[in-house]
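Here is the structure we will look at, set down as structure tokens.
What follows draws every value from the coordinates through simple rules; no lab data is involved. Values in this document were obtained by computation on a predicted structure and should not be read as measured data. Methodologically, a virtual Cβ is constructed for each residue, glycine included, from the backbone with ideal geometry; neighbour enumeration extends over all protein chains shown.
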Amino acid sequence: MTEEIEHKLKTRHLRIEDFPVLHDLAVKAYKEVATPWTKEEITRLITLFPEGQICIEDNGKAVAIALSVIIDFSLFGDQHSYHQIIGGGNFRAHDPEGDYLYGIDVSVDPEYQGMRLGRRLYEARRELAESLNLKGILIGGRMPGYGKYSKEMKAQEYILKVKKREIYDPVLTFQLSNEFHVRNLLDDYWPGDHRSRGNAVLMEWINIYYQKKTKLIGKTKSIARLGVVQWKMRRFDSFEDFMQQFEFFVDTVSDYKADIVLFPELFNAPLIHQYEGNKPPEAMRMLAGYTEQMRIAVTEMALKYNINIVAGSVPEVQENGKLYNVSFLCRRDGTWDSQAKLHITPEEATSWGISGGDELKVFETDVGKIGILICYDVEFPELARLQALKGIKMLLVPFWTDTKTGFLRVKRCAQARAIENECYVAISGSVGNIPKVETLGIQYSQSAIFTPSDFSCPHDSIAAEATPGIETTLIANLDLDLIKEIRAQGTVKNFENRRTDLYTLQWVKDK
């Protein structure tokens with residue numbers, strides 16, 4: 001008597017722990033077409049778009065997978081290649097603000113053929129497209145049966161005969177039976193797919209529930225107006241006087257309908273003169289006593305003036321008793337978050353006893369995803385790259401430098417981050433001096449907003465730049481959709497063209 005096999009199927013999101021099985025599935029499904037995905041590629045894909053990676057398990061073992069990204073179809077159009085979509089495993093085409101779900105892989109264990117697992121995966125994709133309010137699903141569908149007919153008919157004729165059910169194609173026929181329709185032929189889509197003669201069929205499933213995104217209220221803006229404050233260091237008689245000056249700039253920049261305003265690093269340092277006679281580490285910890293009060297006041301200002309505020313950076317003593325250099329993002333919806341400085345300069349460590357943070361964040365705002373790197377951190381290119389890989393289009397850098405040489409390090413590194421990540425980078429510093437305050441004597445700054453370097457950007461890649469040595473503000477409109485276009489269609493593609501087959505970048509703190 002044959003023992004009956006009991007299946008227990010479950011559809012879920014793919015996990016990195018599934019990689020060994022996924023690798024085996026890819027070997028079986030595409031052994032004649034391409035090499036399997038690497039673990040680094042799958043990790044990157046799950047990190048970028050976890051909900052788009054779907055798995056069917058049987059008794060805990062993955063037996064079928066579907067991988068996908070979201071694309072802005074206007075950047076690719078009806079003629080594109082598979083390589084353009086997957087970016088050599090970088091998945092740079094993935095755009096959370098795009099309009100189509102794009103299927104890049106479906107694999108089913110051959111032992112489960114006939115159980116309609118492929119249909120389940122497609123149903124899961126349709127549910128995802130509907131829940132994300134996308135226009136539909138696109139697939140560059142293989143046509144592996146075409147190789148047998150390529151000498152007697154053109155690819156267009158083959159597609160027509162498959163549509164009429166005069167010819168059966170194992171992939172194209174399946175997709176047509178799953179509510180996809182033929183959009184057009186993609187010639188030279190996947191050169192390695194010899195059975196399809198390099199061709200593919202651009203297949204589309206239309207989401208009939210799609211609602212055109214015309215809503216203005218609450219919509220992520222495509223043009224962000226950024227204000228940058230070049231702050232003058234001077235003595236204040238009290239915390240209230242300091243906050244009055246701070247509010248003046250918030251009020252001023254908000255009058256120009258700015259979406260976000262950036263202040264410099266340690267811009268509340270003038271208050272440290274109240275602790276003269278104390279050693280610098282003690283004085284800095286005493287200054288941190290104002291931090292919570294300041295954060296509450298700044299959050300209230302963000303609501304009052306309808307502007308997102310990046311409150312430079314200030315000292316903060318955290319629960320572990322250590323002193324950190326922390327930037328606060330206070331959003332105009334009343335929420336807030338923070339980013340600690342990760343790399344501490346020798347002066348900060350020895351003079352004030354400041355410790356480096358251990359978390360790198362990307363912040364959601366109503367002007368899209370932004371990153372914050374405090375001064376010295378922008379001189380380490382890995383940090384901005386990690387943030388760019390998570391979708392930032394704007395990097396904000398509060399800094400504090402005492403000399404021109406120090407300033408130029410920050411400036412030139414910020415410009416490099418803008419070019420290599422194809423994003424906007426704003427730097428905000430302080431000027432002036434604070435007499436008789438140890439370690440806080442002089443300041444040098446020329447605050448600026450930098451752009452990528454391409455024909456659609458300013459010729460010098462500077463959107464705005466302050467005059468050195470004076471207290472002032474900068475205000476500039478930043479086209480965030482332009483960043484998407486530059487990354488996809490720029491003269492060069494620094495963000496996309498990294499050789500990840502040779503080297504990779506990985507955050508290891510949480511490993």
Pseudo-spin-label distance A416 to R183, built 7 Å along Cα→Cβ, given in nm, is 4.0 nm
antiparallel share of DSSP beta bridges within the chain, to nearest 5, in %, is 70 percent
With +1 on the Cβ of every Lys and Arg and -1 on the Cβ of every Asp and Glu, the dipole magnitude of the stretch 9-206 about its Cα centre, in debye rounded to the nearest 20, is 600 debye
Phi angles of the stretch 342-359, converted by Karplus (6.51 cos²θ - 1.76 cosθ + 1.60, θ = phi - 60°) into ³J(HN,Hα) in whole Hz with x for Gly and Pro, give 8, 9, 9, 5, x, 5, 4, 5, 7, 7, 10, x, 7, 9, x, x, 9, 9
Which residues qualify? For I104, with a placed amide H closer than 5 Å and at least 5 residues away or on another chain, they are L67, S68, V69
HN-Hα couplings for the stretch 327-336 via Karplus (6.51, -1.76, 1.60; θ = phi - 60°), in whole Hz with x for Gly/Pro, come out as 9, 10, 9, 10, 7, 7, 9, x, 8, 8
P381 neighbourhood, Cβ < 11 Å, K/R = +1, D/E = -1, net charge -2
Dimensionless Rg/Rh of the stretch 5-154, both radii on Cα and Rh by Kirkwood, sits at 0.97
Honestly the stretch 407-511 on the Cα gyration tensor test (a ≥ b ≥ c root eigenvalues; a/c under 1.5 rounded, otherwise a/b vs b/c for prolate or oblate) is just oblate
Rounded to 0.05, the calculated FRET efficiency for the beta carbons of E347 and E319 at R₀ = 22 Å is 0.30
D237 and T38 label points (each 7 Å along its Cα→Cβ direction) are spaced in nm at 6.4 nm
So the FRET efficiency between N133 and K279, C-beta based with R0 = 60 Å and rounded to 0.05, is 0.55
Under the helix-only model (-39500 (n - 2.57) for each DSSP H run of 4 or more, divided by the residues of the chain), the mean residue ellipticity at 222 nm, to 500 deg cm²/dmol, is -8000 deg cm²/dmol
Within the stretch 224-489, pairs of Lys residues whose Cα atoms are less than 14 angstrom apart, provided they are eight or more positions apart or on distinct chains, add up to 12
Checking rank on 39-50, 489-500, with mean other Cβ inside 10 Å and highest first, the result is 39-50, 489-500
Expressed in angstrom and rounded, the centroid-to-centroid distance over alpha carbons for the stretch 446-511 and the stretch 169-204 is 37 Å
Reduced to Cα centres, the span from the stretch 373-432 to the stretch 16-77 in Å works out to 34 Å
